[in-house]
Structure formats: structure tokens, C-alpha cells
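Taken together, the values in this text are just the output of simple stated rules run on the coordinates, not laboratory data. Everything numeric in this text was worked out from a predicted model, so none of it was measured. Because the Cβ atoms are built from the backbone with ideal geometry, glycine has one as well, and the counts that use them run over all protein chains shown.
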Amino acid sequence: MYLRNTTLAEELRDALASLATTHRRRSPKTLSGAPGARALIDGVLRVNFASNNYLGLAEDPRVRRAAAQAARRWGGGATASRLMGGTLALHRELEAEIADLKRRPAALVFPSGYHANTGMIPALAGPDDTIVLDRLAHASLVDGARLSRARLKVFRHNDPEDLDRVLARTAGPGRRWVITESVFSMDGDRAPLVDLVAAAERRGARTYVDEAHGTGVWGPAGSGWINALGLAGRVDVAMGTLSKAFAAQGGFVCGSKELIDWGVNRARAFIYSTALAPAAAAAALAAVRIARSEPARRDRLFVLARRLRAGLGVPGEGPIVPFRVGTDEAAVALAQRLWDRGLFAPAVRPPTVPKGTARVRFSLTAAHTEADVDDAVTAVRESL
Ligand SMILES: *Cc1c(COP(=O)(O)O)cnc(C)c1O
């Protein structure tokens with residue numbers, strides 16, 4: 001109830017207190033060094049299982065040098081939006097490198113992956129259209145879909161038959177879009193894209209696939225799960241981020257030259273936000289090149305992932321290893337016990353994941369050691 005005689009701070013204090021009683025109140029830990037496989041977190045050294053630094057590039061001296069040199073040459077910020085004088089030669093070079101990696105005609109870089117999704121989706125779908133999302137799609141995809149004011153529907157997670165049913169029931173004059181992730185951020189599972197894309201094609205729908213966690217990790221030279229399946233030419237929009245495996249900052253979409261030109265003209269998050277900072281763009285460019293030319297990083301990552309999955313009994317493949325415990329309280333308690341033993345693996349709770357699926361999420365990097373993985377397994381076993 002809103003009482004006009006309480007201040008905003010008092011009202012929020014009550015709301016925060018009620019989050020706390022349901023184990024949903026969250027607050028960030030603070031790192032005082034590079035977010036590597038080991039990091040100084042809230043003043044203590046911890047093995048870091050919380051980053052998306054899959055290839056171990058966060059601390060790479062070549063990436064750091066590229067960022068430092070770009071800051072010296074171009075300054076701290078781009079100082080304007082892309083269309084108003086903020087497009088640097090560096091952005092063009094980065095876009096060409098990404099398009100080449102993804103084997104698509106063109107790419108467009110945004111200040112973040114969140115900008116890419118919330119900019120591009122409303123540029124492509126409007127109130128007359130229908131967007132069909134995987135039920136577990138990332139918040140930035142949901143927000144982009146809401147901003148578009150299209151009709152929203154969901155299909156069961158990674159279920160092409162359900163997608164087909166939902167598409168069959170959505171007739172109408174408008175366009176239809178199918179939106180999903182290639183590798184899911186909280187479960188680490190991969191989408192059955194061959195069948196999802198086939199269902200979309202059969203029903204005359206277009207496809208938008210978020211490769212935030214696929215890029216750099218999966219596919220030839222880290223080009224992503226879409227490319228691993230040979231679908232590059234059949235997915236209308238492939239989105240990705242420079243902030244995860246590439247350990248920099250920024251997001252992108254790739255596709256036809258016309259798609260990119262349309263984004264430049266219509267994606268509000270591209271048009272009305274300052275261009276990606278030079279240091280971030282240069283770090284991303286260096287990281288993409290290293291990721292492409294050093295496949296051993298991916299091999300190592302998958303070796304460690306197999307070891308952790310076997311130890312914890314978590315099926316599947318790849319570096320995102322969710323250890324489900326069920327209740328929010330149990331997830332928080334397990335994360336705290338791991339923390340006390342020198343490991344940082346965060347509890348992930350609703351609304352980030354569905355109710356009843358709270359988990360401790362381990363995210364591996366090529367910079368972890370076998371001993372780190374074994375410590376995690378022992379710590380979980382002894383904490384349960
Ligand atoms: C992290 C993430 C994003 C957003 O990317 P940022 O560059 O961090 O803004 C988008 N989609 C998915 C699936 C993600 O995991």
C-alpha cells in the first residue's frame with residue numbers, strides 16, 4: 001500500500017526487507033583486480049567460477065595492450081553516438097572481423113549485448129507482428145520483444161514440436177519471428193537449432209538467435225553454435241556479445257548487408273547511445289583474433305568442463321555447469337559454504353531462473369586448473 005506520508009526511501013526499505021525474507025535480496029560482490037580464474041573479491045582471494053571469461057582472455061596481456069594503446073590513441077570515449085560522429089575506424093575493423101568470423105555479409109556493433117537485443121528486435125517487429133520466444137529466453141530478448149509491442153507467445157524450452165504448434169496457431173497478416181538462444185546462459189544447454197529453424201521456415205517465420213554464450217566457445221574457430229550446425233545462411237539475425245568469451249564489452253548482430261543498414265537506421269539503442277568506447281572495441285578485436293587463432297583454449301575449456309560435470313553428476317557439455325539445489329535458501333546456503341572454502345560460485349535464483357530451479361552456477365574458463373575443478377567437486381560434496 002502506498003502511503004503518501006512515507007518517503008520513497010522508507011517505502012523501498014520495506015520492499016527490500018521483504019526481498020530479504022524470501023532469500024531474493026541480492027547485492028554484488030566487489031572485485032579489486034582483474035576478473036581472472038583467481039580474483040580478489042570483497043578483499044579475499046577466491047577461485048572465480050562466476051565470470052563468463054570462457055577462454056581466459058580477461059587477463060591476456062595482448063588484450064590489455066590493445067585496450068591501453070586504443071585509449072592512448074583514441075581517448076577514453078567515442079564522445080558521440082555512431083550516427084553523430086562516434087563511428088571510429090576501430091568500430092569498422094571490429095565489425096569486419098566479426099562478420100568474417102561468423103561467415104555473414106555484415107555485422108553491427110552496439111554498446112552492449114543488451115543494447116543489441118533491445119535495439120534490433122523492435123527495429124524488426126512491430127504491433128502487427130507476433131514474436132514466439134523460447135520460455136527461458138534471456139531478459140534482454142524479452143525486453144526487446146516487449147519494446148516492439150508485437151504480440152508475444154512462448155514455446156516450451158528447446159522444443160521444436162511445441163514451436164511448430166504455437167506457430168500453427170498464430171495466423172494473421174503480420175510477420176512472425178522466432179527468437180531463442182543458441183546456448184542458454186543459466187543451464188548451458190544448446191538449442192536444437194536445425195529443427196527450430198526448419199519449423200520456422202516451414203511456417204514462414206523469421207529467426208533471431210542470441211549467441212551470447214555460443215560465440216567464442218562453440219563451432220569452427222569459435223564462430224558459434226549456429227555455424228557448428230552449418231546454419232549461418234538460414235538464421236536471419238545472429239546476435240552475440242563481446243563481453244563473455246571475448247572478455248571485453250559490446251554486443252553485435254550479424255546478417256545481410258540490408259539487415260545491418262536497417263539497424264543503423266532503425267535500432268534506437270544503436271542510434272541514441274554513445275558508440276562503444278575505443279578501449280573496449282580494441283580489446284574485443286584483439287580477443288576475437290586470439291580466439292580464432294588459438295583453438296587450444298577451447299579444447300582446454302572442454303576438458304575442464306567434462307571433469308567438473310563428471311564430478312558433480314551434471315549431464316551435458318560445455319563450460320556453464322548448473323548445480324541445481326531447488327530452493328532459493330539451499331542455493332544461497334551452498335554458495336556461502338563454497339565461499340567459505342575459497343570458491344566463488346554464485347547462487348542463481350528467480351527471477352533469473354524459474355521458481356524451484358535455484359542453483360549454484362559454475363562457469364569455467366580455460367585459465368582454471370584441474371585442481372580448481374577438483375576443489376569445487378570436493379567442496380560441493382562435503383557441503384551437502
Ligand atoms: C549476457 C547476455 C546478454 C547481454 O549481453 P551484454 O553484452 O552483457 O549486455 C544477452 N543475451 C544473453 C543470452 C546473455 O547471456
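Helices that extend 15 Å or more along their long axis by alpha-carbon positions and average at least 0.0 on the Kyte-Doolittle scale are, among the DSSP H runs of the chain, 8-21, 113-124, 278-293. Using only the Cα atoms of the chain, build the gyration tensor, take square roots of its eigenvalues as a ≥ b ≥ c, and label the shape rounded, prolate or oblate: rounded if a/c is under 1.5, else prolate if a/b is larger than b/c, else oblate. Rounded is the answer for the chain, as its axis ratio a/c remains below 1.5. Computed over the chain, the per-residue total of -39500 (n - 2.57) for DSSP H runs of n ≥ 4 gives a 222 nm mean residue ellipticity of -13000 deg cm²/dmol, rounded to 500. Distance between the pseudo-spin-label points of K257 and R73 (7 Å out from Cα toward the beta carbon): 2.6 nm. Among R169, R361, the order by Cβ neighbours within 10 angstrom, fewest to most, reads R169, R361.
Based on Cα contacts under 8 Å between residues 6+ apart, the chain shows a relative contact order of 22 percent. Of the peptides 328-335, 262-269, the order by per-residue mean of other Cβ atoms within 10 Å, starting with the highest, comes out as 328-335, 262-269. Once the Cβ-Cβ distance between R306 and I271 is put in as r, and R0 is 56 Å, what FRET efficiency do you end up with, to the nearest 0.05? It comes to 0.80.
Give me the net charge of A221's neighbourhood, meaning all other residues with Cβ under 15 Å from the Cβ of A221; Lys, Arg count +1, Asp, Glu -1.
+2
Take every DSSP beta bridge whose two residues both sit in segment 61-293; close to 40 percent of them are antiparallel. Charging the Cβ of each Asp and Glu at -1 and of each Lys and Arg at +1, and nothing else, the dipole of the chain about its Cα centre rounds to 380 debye. Tally Lys and Arg at +1 and Asp and Glu at -1 over the other residues with C-beta under 15 Å from the C-beta of A282: what net charge comes out? Neighbour charge sum, excluding A282 itself: +3.
Enter the Cα centre distance for the pair segment 221-264 and segment 48-118, rounded to the nearest angstrom. One Cα centre to the other: 13 Å.
Only Lys, Arg, Asp and Glu carry charge here, each on its Cβ (+1 for the first two, -1 for the last two); on that basis segment 187-340 has a dipole of about 300 debye about its Cα centre. Overall, segment 1-47 carries a charge dipole of about 240 debye about its Cα centre when +1 sits on the Cβ of Lys and Arg and -1 on the Cβ of Asp and Glu, all other atoms neutral. Between D195 and R149, the C-beta separation translates, for a Förster distance of 35 Å, into a calculated FRET efficiency of about 0.75. Between T378 and R24, the simple spin-label model (points 7 angstrom out along Cα→Cβ) gives 3.8 nm.
Tell me whether segment 330-384 comes out rounded, prolate or oblate; compute the Cα gyration tensor, take square roots of the eigenvalues as a ≥ b ≥ c, and use a/c under 1.5 as the rounded threshold. It comes out oblate by the Cα gyration axes.
A cut-off of 5 Å between modelled amide H atoms, ignoring neighbours fewer than 5 places along the same chain, links Q249 with A284.
Full extension of the chain segment joining L8 with E317 gains 106.6 nm, where the gain is 0.36 nm per residue of separation less the Cα-Cα distance. Between the residues P346, S293, A330, the greatest Cα displacement towards the positive end of the dipole of segment 275-348, with unit charges on the Cβ of Lys, Arg, Asp and Glu, is found for S293.
For Q336, neighbours were defined as the other residues whose beta-carbon sits under 15 Å from its Cβ, and their charges (Lys and Arg +1, Asp and Glu -1) total +4.
Select from A296, A282, A96 the residue whose mean-square fluctuation is largest in a Gaussian network model of the chain (Cα-Cα springs shorter than 10 Å). Highest fluctuation of the listed residues: A296.
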